[in-house]
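Engineer: Got a structure here, written out as structure tokens. Questions coming.
The values are calculated or read from the model by the stated rules, or taken from the named source; none is laboratory data. Quick caveat, the model's predicted, so the values are computed rather than measured. With ideal geometry, Cβ positions are generated from the backbone for all residues, glycine too; neighbour counts draw on all protein chains shown.
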Amino acid sequence: MMTGGGRDGRIGLEICVDSVAGARAAIAGGADRIELCAALALGGLTPSQGLVAAVLAIAGPARIPVHAMVRPRPGDFAYDADMLALASAEAAALRKQGVEGLVFGAARDGMLDVAALRAWVDGLARPEAPPALTLHRVVDLLDDPAAAVEPAIAMGFSRILTSGGAPSAPAGAATIARMVARADGRCSIMAGAGVQADNVAALIAATGIREVHGSASGAGRPEDEASSKLGFGPNPRLTDINAVARLRHVIDEITNIGQM
């Protein structure tokens, strides 16, 4: 049986958000799961405890799982001992708060940092059911993203988020298809980056994926003069409920056709 997917056997839709408003829009638009981060404009960082609590408070009643990013700093994914210890502490705190899954990755010199990943996963050992684990787009920095499939499965990751090593998932569709074939149902290959309502059907047909990931976001408020003056970086983007709903509609049409 293929792993992954959404409720009722449909193709799953995960929306990444970095605010309570984004979580509300994702849920209202029809997301199956939320990936919760801070600072999506920086690629996503570990969310604060307050943000996690606020999002869980609205996602729980809606029965929408929340998976949280564990990324202790922006930049690359080559973590030293201090950063790895921090990532482990963040993971433990997130689990204690009640998130259902964790998203993490580590790599060096074009290859997965298997030692760091194993140490991080081993640090999650608990008597209760383990969290769902996603290996994030660090795989798209590898010389061969498909080579990440076997070690990810061996370490206990239940899904891999990838654009197939390309700037967008549609551009990396051939590699994503190879990853799906290599996984052979043992973990879910989830396509993300540049996934929109107007390309998701072709992406699903070309790859055989059962889960898609996107931000479904648009430009936020106009340029913030204070942030610009202080050099705080790009303004946040805002999750667009209509973009989420359009993705949901196209995905459900594909599911319905497949069930006919």
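Engineer: Can you tell me which residue is surrounded by the most Cβ atoms within 10 Å (Cβ to Cβ) among those in segment 86-108 that are charged (D, E, K, R) and under 12 Å from Leu124 (Cβ atoms)?
Structural biologist: Looking at the filtered set, the residue picked out is Glu90.
Engineer: Just to be sure I understand the filter: pairs with C-beta atoms under 9 Å, separated by 6 or more residues or on different chains, first member in segment 239-260 and among the polar types (S, T, N, Q), second member at pLDDT 95 or above and surrounded by fewer than 17 Cβ atoms within 10 Å (Cβ to Cβ). Which pairs pass?
Structural biologist: Close Cβ pairs satisfying both conditions: Thr239/Ala21.
Engineer: Can you tell me which of Thr134, Thr175 is assigned to a helix (DSSP H, G or I) and hydroxyl-bearing (Ser, Thr, Tyr)?
Structural biologist: Thr175
Engineer: Give segment 235-260 a look and list any residue that's modelled with pLDDT of 90 or more and surrounded by 15 or more Cβ atoms within 10 Å (Cβ to Cβ), or say none. Give the steps one after another, and end with the answer.
Structural biologist: Initially, segment 235-260 is screened for residues modelled with pLDDT of 90 or more, giving 239-253.
If the condition is that a residue be modelled with pLDDT of 90 or more and surrounded by 15 or more Cβ atoms within 10 Å (Cβ to Cβ), then Thr239, Asp240, Ile241, Ala243, Val244, Ala245, Arg246, Leu247, Arg248, Val250, Ile251, Asp252 are the ones that fit.
Engineer: Kindly indicate which of Ser158, Ser163, Ser168 is of a type in the set (S, T, N, Q) and in contact with a helix residue (DSSP H, G or I) (Cβ under 7 Å, 6 or more places away or on another chain).
Structural biologist: Details: Ser158 fails: in contact with a helix residue (DSSP H, G or I) (Cβ under 7 Å, 6 or more places away or on another chain); Ser168 fails: in contact with a helix residue (DSSP H, G or I) (Cβ under 7 Å, 6 or more places away or on another chain).
Of the residues listed, the single one that is of a type in the set (S, T, N, Q) and in contact with a helix residue (DSSP H, G or I) (Cβ under 7 Å, 6 or more places away or on another chain) is Ser163.
Engineer: Next question, about the same structure. In segment 109-119, is there at least one residue being over 26 Å from Glu211 (Cα atoms), assigned to a loop (DSSP other than H, G, I, E, B) and not β-branched (Val, Ile, Thr)?
Structural biologist: Within segment 109-119, one or more residues are over 26 Å from Glu211 (Cα atoms), assigned to a loop (DSSP other than H, G, I, E, B) and not β-branched (Val, Ile, Thr).
Engineer: May I ask you to say which residue of Ala57, Ala26, Ala53 is at pLDDT 95 or above, part of a helix (DSSP H, G or I) and within 14 Å of the chain's Cα centre (by Cα)?
Structural biologist: The match here is Ala26.
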